[in-house]
Amino acid sequence: METQVLIIGGGVTGTGLARDLTLRGVACLLVEKQDINAGASGGNHGLLHSGARYIASDPAAAAECHRENLLLKQLAPHCIEDTGGLFVAVAGDDENYVADFPAKCAVCGIPARPLTPTEARQMEPALSKDIIAAYAVDDAAIDPFKLSLDNLAQARQNGCQLMRFSQVTGIATRSGRIQTVQVRNHLTGRATDIRADVVVNAAGAWAGQVAALAGIPIHIRYSKGSLLVTHHRIGGRVINRLRKATDGDILVPGGTVSILGTTSERCTSPDDIHPKVHEVDHIIDEGAAMIPALATIRYIRAYCGVRPLISSSDEGDDRSVSRGYALIDHATEDPGLENFITISGGKLTTFRLMAEKTADRVCRRLSHCSPCRTHCDPLPQTVDARWTEPGLAPSLWVQNNDSRDILLCECEMVPQSVVDQIVQSIRNQNGHPSLNAIGLRSRIGKGPCQGTFCSQRLAAYLYDLGALTHDQGLHELRQFLEKRWRGQQPLLWDISLAQAELLEAMHSGLFGLEQVDAPPPGDDRP
Amino acid sequence: MSPAQPEIRCDLLIIGTGMAGMAAALFAARRGIDTVQVGMTGEINFASGLLDLLSVHPTGSHQTWSNPWEAIAQLIIDQPHHPYAHIGAETIRAGMEELITFLNEADLPYRYQPQRNTQVITPLGTVKTTYALPESMAAVEKALQAATPCLLVDFPGLKGFSAGQIRATLQKRWPALKAVRLPFPGLSGELQTERMARRLETPGVANLLAASIRSHLEDARVVGLPAVLGIARTRQVFENLQDALGVPVFEIPTMLPAVTGVRLRECFERHLPRMGVRARYQQKIVSSPRLSDGEFIAPLGGESAEVQVRARAVILASGRFFGQGLHADRHTIRETIFNLPVYQPATRTHWHRKTLFSHKGHPIHKAGLVVDRLLRPCDEQGRYIYPNLFAAGSILAHQDWIRQKCGSGLAIASAYAAVHAGQSFLNLTPMNKVE
């Protein structure tokens, strides 16, 4: 295959870059080793930062965040719930940090309106009585799945090609240039050689591995962050702890749930990461200091992502490493490759800017002069992304009122008709509508039952549609339920534990799904 | 709670209405023990209707046994703390036979081969090994073994059950499967199995269904369909359909909760009171203090209780987490009614494995009540806590019924053993002299 620009990585950066380049008239091909947002783009808070979190550690990144925050609210409002945010300190927090906060925000151009503790508690009644200081900021909630799927959808309309489940297995170089990139499809096993004028490494936490295939060393520190999804939404606004950034200090509402996080744990590899029991307990204990209800409510899922932190040394606190992005043009590095660019680090909030700067560099390499449009053109809303929005499927289902359109997922009210549309859209992209692919593109499996019932209902329906054949469903069911399990395993107590017991009683006790396949080796320890 | 509250006195209080509680009430009633049974019925709706005895051991290698008694003998050697090891094969067999005899007499006929396990197919297209199964499911085993030409029927609007899925999944093993989707007589839109089952009990409906299946039979010599063939009159609906089609018919278990569980529930609810069990269904016990004379006093319905039960002995069959016999917070697992010691992993980190479908099962499944040979819950030193408190069913420690496929057998056998132990206690101990 041939293309002008090969983009490696289907997270927010890669999909944002694909949109940016195709809007400039540059042809590109995006390869993703798993599915869209499988890495940190899907494993984060969904927080559109005001920037106030970074005023102390990285004022430049803080100011950048704030500019992008305002821009995205204008250009992609359908991906954003403009909740506003609060920074609150509780008794015992560092009073110097609290005292310096407004001035440091001002320096970065970030509005922060002071509130009395009473005002703050009137705005957010769930806040602790121990609040001693509060500021209102411009934080918002953003749906990273919608964002990536919409970016990708427009890119594809403009001719971008897409290869999912396609991992880069080799990069052949000659005379300081990448000649071909070998890609292998996990599902079909087929290998493809790709020739491109420029190759962009937007593989996030995997950027080091990709660069290594081209013989380029990039030192990346992996910092795992774990997050918890509450059973119901707590509060209207993003609530941040007003202190130096640390664990369990941000609660982001989104749709019908809230997301509490995060942690920062060094890990040695971006693969096979799990949220752990001790992280969950730590996040809850920390969060409960701001919002006491967090100690007792039900959580339905835990998940994590890996922050790729590009740094020159192993020393120091991972949180103090810049959250700004790194754009590396390997033409100017040693060892060098003239048609290879790596973009890594950064934040969800600044993904568009990262894509713009990368596209600028790509265009310079291509001697293609066409200006960026993503800072002025609105991001179109597409059907591909809309079903990740909580509440959308139920409201349309109620409106349509067709008794034949049966709900496959009762927790999140996802009917057959929604699955039909998702299957169609995946097929239009020549993809296989697997259970996990549909799970990624809808609310299926994300409610309190965590897939106990909807998994098999979906599998049965996909067989009826002819989307599954032979014993494919058994393997996909296992994969689907294992994927949900990752998020349940560390928070199984109280009702969630009873739910998990029922899930196992049915899928293992009755259906014997554990007897279908050997478990992956080395993945069997408690 | 005041002493003036109305009091129900009984010799034996059975707490729980799952398979273990129902079996215990049955065994107690048949032995003439003065019994009160309390609990929210509902969990037994989640029974599949299949009576597993033991088919997987050891779980790590997930070896499947065709002879459950050989499996049990090996299990008793390998796992001396397993409840089956306390109970012993003879008692297990006696309990199973007595329960199945009761079901047959209660017009809910079951089939089994005394010396071997049997196989059924599931909606996923997997093959499940079990021991005794409803007569309405029995024809599948022969058909599966001989790969007999078979028509699988499903219904539009019945979620999670696709004949096409079963056919596709079993294709290699059973190539002569065909699938057809037929409208369900008199119902449309989303179908609930319980409604379908009750509808099939209406005169004439089974014949309508048979007529619509018949035109698709072609060379099929056996017909499989989801388990919806009636609830109280399953035998009649099943025979009616089979006669009308002229070929053997079998039901396939559905997702849970299932009609097959409702049948068991209704059967017990109908017969146990008739046999003398004073049933207090839909009432719950949240605590049961022991009096100075050794008897237990249990307010029905918790805080606002209007009635209390006073019992000389108790069988605790309250289930695990789903049944609320055990409860876990973030740090520890507790037994909910008597606050009995619970054998459990050291910390939550060790409750579950990273892989859901780990063959070995999750350590938390082995948590529960440690009992002695008379099924009396014990302390950490292995001494029984009360001479007149017995435990039965899934609340017992050192078993993993989900992976071992021994849920019903464990419930029935431990209920049988607990009733016998309770009976000995009651016979040996004069009234009001418990200890």
Handout entry: Inter-label distance for A:Q381 and A:A293, nm, one decimal - labels placed 7 Å from Cα along Cα-to-Cβ
Key = 2.7 nm
Practice task
Could you size up the charge dipole of region A:124-283 around its Cα centre, putting +1 on the beta carbon of Lys and Arg and -1 on that of Asp and Glu, and report it in debye to the nearest 20?
Solution key: 500 debye
Handout entry: Of every Cα-Cα pair in region A:346-430, the percent that sits beyond 19 Å
Key = 59 percent
Exercise for the section: For A:K357, go through the lysines and keep the ones whose alpha-carbon is under 25 Å away, minus same-chain ones fewer than eight residues off. Expected result: A:K33, A:K73, A:K146, A:K347
Completion exercise
Per DSSP loop assignment and a cutoff of at most 11 other beta carbons within 10 Å, chain B keeps its longest run without exposed trypsin sites (Lys or Arg not before Pro) at B:173-382
Problem - Selection from A:V423, A:L407, A:I234 lying farthest towards where the dipole of chain A points positive, charges on Cβ - result: A:V423
Practice task
Add +1 for every Lys or Arg and -1 for every Asp or Glu among the other residues with Cβ under 11 Å from the Cβ of A:C28, and state the total.
Solution key: +1
Exercise for the section: Just need the relative contact order of region A:163-279 here, percent rounded to a whole number, with Cα pairs under 8 Å and 6+ apart. Expected result: 19 percent
Completion exercise
Cβ-Cβ cut-off under 13 Å around A:Q74, Lys and Arg +1, Asp and Glu -1: the net charge is -1
Completion exercise
Distance in Å, no decimals, from the C-alpha centre of region A:469-521 to the one of region B:1-65 is 27 Å
Handout entry: lysines with Cα under 29 Å of B:K142, excluding same-chain neighbours fewer than 8 positions away
Key = B:K128, B:K159, B:K172, B:K178, B:K405
Problem - Directionally averaged projected area (convex hull, Cα atoms, the protein assembly as shown), nm² - result: 42.0 nm²
Exercise for the section: Count the DSSP beta bridges whose two residues both fall in region B:302-435, then state the antiparallel fraction as a percent rounded to the nearest 5. Expected result: 60 percent
Problem - Mean separation of Cα contacts under 8 Å (6+ apart) over length of region B:337-435, as relative contact order % - result: 22 percent
Handout entry: trypsin sites (Lys or Arg not before Pro) restricted to region A:157-224 and DSSP loop, no more than 13 other C-beta within 10 Å
Key = A:R190
Completion exercise
Of all DSSP beta bridges with both partners in the protein assembly as shown, the antiparallel percent, nearest 5, is 60 percent
Problem - Unit charges on C-beta of K, R, D, E only; dipole of the protein assembly as shown, Debye - result: 1180 debye
Handout entry: Student exercise, region A:1-151 dipole from Lys, Arg, Asp, Glu Cβ charges, in Debye to nearest 20
Key = 240 debye
Handout entry: Cα-projected label distance for A:S57 with A:R177, points at 7 Å along beta-carbon direction, nm
Key = 4.1 nm
Handout entry: Distance from region A:283-308 to region B:384-428 (C-alpha centre basis), Å
Key = 39 Å
Practice task
Alpha carbons only, please: Rg and Dmax for region B:195-256, in angstrom.
Solution key: 11.0, 32
Exercise for the section: Measure of size requested: the Rg and Dmax of chain B, with Cα atoms as the atom set and Å as the unit; please supply both. Expected result: 22.6, 72
Problem - Hypothetical label at A:N400: residues of region A:426-440 whose amide nitrogen lies under 20 Å (7 Å Cα-Cβ projection) - result: A:426-429, A:433-435, A:437-440
Handout entry: Most positive-pole-ward Cα, A:C160, A:G170, A:A212, against dipole of region A:125-216 from beta carbon charges
Key = A:G170
Problem - At most 14 other Cβ within 10 Å, DSSP loop - GluC sites (Glu not before Pro), region B:186-273 - result: B:E218
Fill in the blank from the handout: For A:K104, counting only aspartates and glutamates whose alpha-carbon sits under 18 Å away and dropping same-chain residues fewer than eight positions off, the answer is A:D58, A:E64, A:D93, A:D94, A:E95, A:D138, A:D139
Handout entry: Dipole axis of region B:158-219 (+1 Lys, Arg; -1 Asp, Glu on Cβ), positive-most option in B:Q171, B:L191, B:F161
Key = B:Q171
Practice task
State, as an integer percentage, the relative contact order of region B:8-156 based on alpha-carbon contacts under 8 Å between residues 6 or more apart.
Solution key: 18 percent
Problem - Compactness relative to 2.2 N^0.38 Å, alpha carbon Rg of region B:223-325 - result: 1.56
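Bear in mind that the values in this text are calculations on the coordinates, not laboratory data. What you see is a predicted model; the values in this text were computed from it and never measured. In this analysis, Cβ positions are derived from the backbone assuming ideal geometry, glycine residues included, and neighbour counts consider all displayed protein chains.
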